[in-house]
Structures are given as C-alpha cells and as structure tokens.
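**Q** First, the structure itself, so that you have it in front of you.
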Amino acid sequence: MNDLEEYHQNLMADIRREADASGIYPVEAFFERMSERLTEAGELEVADRAYYQSGDGGQKLRIDGYAGDPRDSEGVLGLIICDFVDSDGVQTFGRPDVPRILNPLIRFMNMAKSEAFRDSLNEANPGFQISDLIITTWAKVTKVKLILMSNRQYVGRGDAEPLQDPGGMPTTWSVWDLARFERFDRSGPSREDRVIDFETDFGAPIPALRASQSGSALESYLLIVPGEQLAAIYDKWGAKLLEANVRSFLQARAKTNKGIQKTIKDEPELFFPYNNGLSATADSVSCVRTDDGLAVASITNLQIVNGAQTTGSIHAGLKSAKDQLSQVFVQMKLTVVPPDRSEDIVPKISEYANTQNKVNAADFFSNHPFHIRMEQFSRHIIFTAREGERHDTKWFYERSRGQFINARARLTAAQQKKFDLEFPKSQLFSKTDLAKFEFSATGQPHIVSRGAQKNFADFAKAIGEAWSKSDSGYDELWYKRLISKAIIFRWLETEVPKQPWYEGGYRANIVTYAMAKVLSDANREKQVLDLDAIWRRQSVPDALQRALLLAAAEAHDVITHPPTGVRNMSEWAKNQACWNGLKGRALKYDDGFEGCLTLVDTAKAAKRDEKAKKTMTEGINTQSEVVTLGALFWSEALAWGRERRLVTPKDMQILEICASMPRRIPSDLQARHAMDALGRLRDQGFDEA
C-alpha cells in the first residue's frame, strides 16, 4: 500500500466514523473535514457549507459551499462543489470529467442571479441564502473562483477543458483532489510547488544582486521588481503568496493602504524611495546571466513575509492606476530557506521586519512558545481511561500541519498500534481547533463563526498580548481545562445533528453558540462550570449534556430566525448581535445542572495548587541540575568569575555552597540563583575558555 492509498483508507475511515456518529451524510463530513484546508492554504478566506441540488443531466444545479460575502474578499465570489465517492480504493478522474462536475455549479451561479429563482425557494433553503447573497453583491463581484473538492485522484493537468459560459465574469477554477489534500496534510500550506517563471510568464527575468557569499548557510538576493510584474503575479496567485502565518495575521489577504495607493496614482516615480519594500523567502531560485548582469529567472514557492500591504496596494493599482504601474518599482529582499529550516528562520525574519507592531505575525507561527508548550503538555499528560475503556490516553496537539501523520508514518506496524492506543485519532486537534474551543468557551461564538483562520487570527493576537505580559497562567491545569472544552465541543458536534429540531446546515454555528451560552450562564460571581471534573472523567456529565442540548435548540432558533432584512443565516451568525440575542435569553436548566458547577474559590484553589506543584517541581529539577554539574564544576565557575570580577558577593556565597557539595547542599532558591549566575557567566564566555 503506497502513501496515497493509506491516506485514502484513513480518510474514508474517519469520514464514515464521523457520519455514523453524528448522523450526517458522508459528503457533509468530507466537506467539513477538508474545507478548512482551503482557508489554511489561502485558496479561500472562509468556507461555509451550503448544499443545494436540483434537476438532472444538462439541467442539473448544484452547490456545496461558498466563501462568504465577496465584499469582504476584494470582490471574489468563491463557490465550492464536492465530488465525493464512497469507495474503499482510490478512484481517479481526468480533465474530460471536470465540465460534468463543475457545470452544475456554474449553472447554479447563473440561475442564482435571478430574483425569480431566488423567490421560488423557501427562505430557509441554503439555495435561497446563496442566491440572495449573489443578487445583493453581484455589482461588487470582480472575479469568480470555483473550487472542486474531491476524494478522488485527479490525473489531468491544466484548465484547458471548456466549461459552460459563466456569464462574462472573469472565472478561475481549481481542483483539490485526494493527492493534493494528502500533500497538504503531510507538509502544510507552504510546500505546494508553485513556480513563478518570470522569463516565460511575466515578461522577463528580474535583475538581482547576490547578497550572500558562496558557501553561506542561506542564499540571499536583492531584487528590484517592476510594479506591473508584482501586480500580475499577485493577480494570479493571490493570498497564497503571503506566508501562511502572515496571511492569518492579516486575516487572509493583503489589505490595501490609502497612502501607498495615493503615491502610486500621483507620484509613481517616487514609490521606490518612499517604500521600505518586501521581505520574502523561497524554496529555490533559478538565476541567469544577461547583458546587464545577474537576473532571477524563476522562484519556487515565493512567500512574502513582510510587505503584504505594499503588495496589495500595487495589485489594486491594476484597476485604479494601471497606466502608472509601469513607473512603479519595489525592492525585494529574497532569502532562499531550505524547507527543513523554515520553521526556525521564517518567524525570525517576520519578527525582525515587524518590530514596530505591538502584535505582529511572529505571534502566529507554530513555534511561538505558547504552541510549543501546548505540544509538550500534549505529549506527556496522560488522561485516565473513560468509563468502559481499558487504556489511558493522551490528546495530540498538532501545532503545525503534518506532525501527526508524519509521526505515525515513521513507526513500524506494531509501534503504530501502540501509537493509536496512546493517541486516538479522535483526540487529535490543531491550532485552529484550539482557538475554536477556547473562544467558544469564552463567549465569542460570532468570531468562531467567521471561519477557522479569522477566528485563529483574533485568538493569536489575544494570546500574543497575554503571553507578553505573563506566561505563568498557561500551565498544565490550563491545558487540562482546555481538553475539557475540547470534550464539550466535540460532543456537541456529534450530538447536534441527531436532534429532532435539526434540519441540516449551520451545525458549526449551533455548536459554538450552544457551548458559549452554557458556559456564559454557568460562570457566575460565586460559581463556575467544573471543568476539572470533565477532564478527569474524559466525558460530559449527563446533566451538562441536557443543558448543552437545551442551549443548542435555542441557538438553532436564534440563528435560523434572523431579524427582518437579514436573509443569510451563516452571515447573521458572524455578528455580535446574533450572540447578544442568544446570550440575553433566559433558559430553564434542570436541577441537575447545579451539580455541574463548583465554587469559584475551589477552582482558584486548584489553580494555586497547580502553581505550587510547578514551583516545587522546577525547584527539584534545578537542584538536581546543580548537583549533577558537581562541586568541581562550580569551583571552576567561581574562580573564573571571581578572577574577572563578574560575580557579586551573593553570587560568591552561593557558588561556594555549590562548590562544597556534598558537605553542603544548596536549597531550591540557592540552586536557582546559582543557575542564574551560571547563565551570566556563560554569556561572558565561561565554558568556552
């Protein structure tokens, strides 16, 4: 079995398990599982489920999802159709099959522009919702993007197959097939081979200066990029040119800047001296020698790390100042970063290029200390087996795409079985999952409803600010309580579709709203939801289940009955007013709900106990490290520091105790001071002498 076959087997097992557990169709489980990849890759800003189908053959209309309000994404109307085959083996499709799959989506779009078509549908029908959105926003639409999601392998190339006329609107289409999803899940958003061929596709190679010596650890170049070329490149690839974490920081797109646009329009010849330029990375570059010297002919996987506003503003010039773009030039600092070093290098480039921002894109990288700490907790914190199960388990936090699948792939068959028992697939969660759990619990379901990437952007800003003030609150107990929130969220995902009032659609919105409502009602002045009881049991108590389903029914009512004049329910769920509507409703929970609460003082005591435990553990570890280094080492450190007058009287007193072990053993506090002093000595060259 090759990698793709194994991936397909695991994917289908997950989809069937989800469909059976939740009572939804497999194609819906496929859409919800895989659509997040589209936003993470920058293909779309959001991906909301909205299924409609009618007719047959040449009259068939179909849509499976859409990319939100085009007015929020620079006029791009994104529409999604699924090609899902419930099979045990890998199936394929080629270029001749594409029109058969995509034409029903194009026909739907053309019909949806008609008020007669819209008014023929029930207002609760997703087809009505999308039709109304298209009618309302069509004047602002500048481009249509069609996405074909498939669990089959696409064996065609290019986009030469003729499609049905999309009504004169510029239209692009993209295939996300099984192989593309598999590559993405193993390697993440930036490892798709995207080659920018300046020589063939964008006029000419770009003159460059090499900014690194032969044999340097990293290749670097300084380029002067014509505005017309940069605009054309961004017009083709869009936000996918922005480094994935920067894209999340900017909430998916390169926003324009009025000052930059004014310079392009009024003083294009001054753009170069006024603008700071771009910082970018690439997997590789191809250079050529011209009569004028060195030039870059092509770049593989260009990622803009700093300068997104500059890029977005130059792209906007295609409409507002096309004649002036020929006079615009922008400098680009380009660094070739090998894929295996990108996690370390790229965040630093982002951080140092954005030092003026209080919260910058560096907070969004997977190697931010918060994510590393959560990963460490997830690998060693064991949770007791659920009632009726035999094995204790862990939750696997995937701080960067591909960690889970790659960790498992390196193991033997026997080791994989052990891994699957230790880290059940149902207990895998990602950065965007973590953000959904936390923001649902803290009363921000309208933000969660805006999509995984936009929600993560707000979450990362909040974590970045909080972490910079103090990281002490993000301890093991915080992680355990996060898992309690994950258990609640995942339970709701499974149970909502089974309810008699559930009519299909809006599951994601109902889940986050119901969870937010119950926790909002539970967390009072003197009592809070007992999250510690949930992670200990690894399940949701019966009384809390009843409360969550009561809130879910109420959330469904609020979301599907928007105020007069609001017709799109998915868009309504993204508004603060929708959350205020549910939050303000009084729900009558049964008597058992009180048993799910605990005193605020009890919850705080648990937090204090965790802090004391952490302090004690750190003290023991530090003491152990001091003892392990040995008395001779500390004697040498003391002599070295004293000779250079680098130690204070207190340092000398404590280092003398360390040097006299085992006759005298330093206390916890003394051990910490000794290690601090050692750190200062090492900064001055000790250990290197």
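The values are calculated or read from the model by the stated rules, or taken from the named source; none is laboratory data. This structure is a prediction, so every number in the text was calculated from the model and none was measured. In this analysis, Cβ positions are derived from the backbone assuming ideal geometry, glycine residues included, and neighbour counts consider all displayed protein chains. These area figures cover heavy atoms from the full protein model, side chains too; ligands, DNA and RNA do not enter into them. Shrake-Rupley method; radii C 1.70, N 1.55, O 1.52, S 1.80 Å.
**Q** Name the single residue that is surrounded by the fewest Cβ atoms within 10 Å (Cβ to Cβ) among those in the range 19-36 being touching a strand residue (DSSP E or B) at 6+ places or on another chain (Cβ under 8 Å) and more than 24 Å from Ala112 (Cα to Cα).
**A** Just the residues of the range 19-36 that are touching a strand residue (DSSP E or B) at 6+ places or on another chain (Cβ under 8 Å), to begin with: 27-28, 30-32, 34-35.
Narrowing further to those that are more than 24 Å from Ala112 (Cα to Cα): 30, 34.
Working: Phe30: 25, Met34: 22.
Residue satisfying both the conditions and the ranking: Met34.
**Q** Please tell me if Ala514 is at pLDDT 95 or above and open to solvent by less than 20 Å² (accessible area, probe 1.4 Å).
**A** Values: at pLDDT 95 or above: yes; open to solvent by less than 20 Å² (accessible area, probe 1.4 Å): yes.
Yes.
**Q** What are the residue pairs meeting all of these: first residue in the range 366-388, first residue of a type in the set (Lys, Arg) and part of a loop (DSSP other than H, G, I, E, B), second residue at pLDDT 90 or above and open to solvent by 30 Å² or more (accessible area, probe 1.4 Å), Cβ atoms under 8 Å, and 6 or more apart or on different chains?
**A** Close Cβ pairs (under 8 Å, with a partner that is at pLDDT 90 or above and open to solvent by 30 Å² or more (accessible area, probe 1.4 Å)) amount to Arg386/Arg537; Arg386/Ser539.
**Q** When the range 298-352 is examined, which residues are found to be small (Gly, Ala, Ser), open to solvent by less than 10 Å² (accessible area, probe 1.4 Å) and farther than 21 Å from His368 by Cβ?
**A** Gly312, Ser313, Gly317, Ala321
**Q** Do any helices (runs of 4 or more DSSP H) entirely within the range 423-494 hold 1 or more residues that are open to solvent by 40 Å² or more (accessible area, probe 1.4 Å) and hydroxyl-bearing (Ser, Thr, Tyr), and if so, which?
**A** Correct list: 452-469.
**Q** Here is a further query. Does the range 51-74 hold any residues that are more than 23 Å from the chain's Cα centre (by Cα) and assigned to a loop (DSSP other than H, G, I, E, B), and which are they? Reasoning before the result, please.
**A** If we filter the range 51-74 for residues that are more than 23 Å from the chain's Cα centre (by Cα), which is where we start, we get 51-63.
Matches in the range 51-74: Gly55, Asp56, Lys60.
**Q** Condition first: among the acidic types (Asp, Glu) and open to solvent by 30 Å² or more (accessible area, probe 1.4 Å). Now tell me which residues in the range 37-71 satisfy that.
**A** Step one: of the range 37-71, the residues among the acidic types (Asp, Glu) are 40, 43, 45, 48, 56, 64, 69.
Passing the criteria: Glu40, Asp56.
**Q** Keeping to the range 205-236, report how many residues are touching a strand residue (DSSP E or B) at 6+ places or on another chain (Cβ under 8 Å) and in contact (Cβ under 8 Å) with a residue 12 or more places away in the chain. Show your work before the answer.
**A** Filtering the range 205-236 for residues touching a strand residue (DSSP E or B) at 6+ places or on another chain (Cβ under 8 Å) gives 205-212, 218-227, 229-230, 233.
If we keep only those that are in contact (Cβ under 8 Å) with a residue 12 or more places away in the chain too, we end up with 205-211, 218-227, 229-230, 233.
So the count comes out to 20.
**Q** Which pairs do you get when a residue that is aromatic (Phe, Trp, Tyr), found in the range 324-336, comes within reach of a residue that is open to solvent by less than 20 Å² (accessible area, probe 1.4 Å) and part of a strand (DSSP E or B), reach meaning Cβ atoms under 9 angstrom, with the pair 6+ apart or on two chains?
**A** Phe329/Val225
**Q** Could you check how many residues of the range 377-422 are of a type in the set (Lys, Arg), modelled with pLDDT of 90 or more and either open to solvent by 50 Å² or more (accessible area, probe 1.4 Å) or under 22 Å from Ala41 (Cα atoms) (or both)?
**A** In the first step, residues of the range 377-422 are kept if they are of a type in the set (Lys, Arg); the result is 379, 386, 390, 394, 399, 401, 408, 410, 417-418.
The next check asks that each one be modelled with pLDDT of 90 or more; those that pass are 379, 394, 417-418.
Subsequent filtering for residues that are either open to solvent by 50 Å² or more (accessible area, probe 1.4 Å) or under 22 Å from Ala41 (Cα atoms) (or both) retains 379, 417-418.
Total satisfying the criteria: 3.
**Q** Something else: What helices (runs of 4 or more DSSP H) completely inside the range 594-689 contain at least 3 residues that are acidic (Asp, Glu) and either at pLDDT 90 or above or farther than 30 Å from Ile534 by Cα (or both)? Don't jump to the end; show me each part of the working.
**A** Details: elements: 600-629, 631-643, 649-659, 668-683.
Qualifying helices (runs of 4 or more DSSP H): 668-683.
**Q** Same structure, new question: Mind telling me which of the residues Glu32, Glu36 ends up being closer than 21 Å to Leu146 by Cβ and at pLDDT below 90?
**A** Values: Glu32 fails: at pLDDT below 90.
Just one listed residue meets the conditions, Glu36.
**Q** Still on this structure: How about the range 100-208: which helices (runs of 4 or more DSSP H) wholly inside it have at least 3 residues that are at pLDDT 90 or above and open to solvent by 30 Å² or more (accessible area, probe 1.4 Å)?
**A** Numbers: elements: 115-119, 126-137, 178-187, 198-201.
Filter on the range 100-208 gives 115-119, 126-137.
**Q** Restricting attention to the range 131-158, which residues are aliphatic (A, V, I, L, M) and over 11 Å from Ala112 (Cβ atoms)?
**A** Step one: of the range 131-158, the residues aliphatic (A, V, I, L, M) are 133-135, 139, 141, 144, 146-149, 155.
Selection gives Ala139, Val141, Val144, Leu146, Ile147, Leu148, Met149, Val155.
**Q** Of all residues in the range 110-158, count the ones that are under 20 Å from Thr171 (Cα atoms), touching a residue at least 60 places away in the same chain (Cβ under 8 Å) and among the aliphatic types (A, V, I, L, M).
**A** Number satisfying all stated conditions: 8.
**Q** Conditions first: (1) part of a helix (DSSP H, G or I); (2) closer than 22 Å to Ser220 by Cα; (3) in contact (Cβ under 8 Å) with a residue 12 or more places away in the chain. Ser313 passes all but one, so which condition is the exception?
**A** Looking at each condition in turn, Ser313 falls short on (2).
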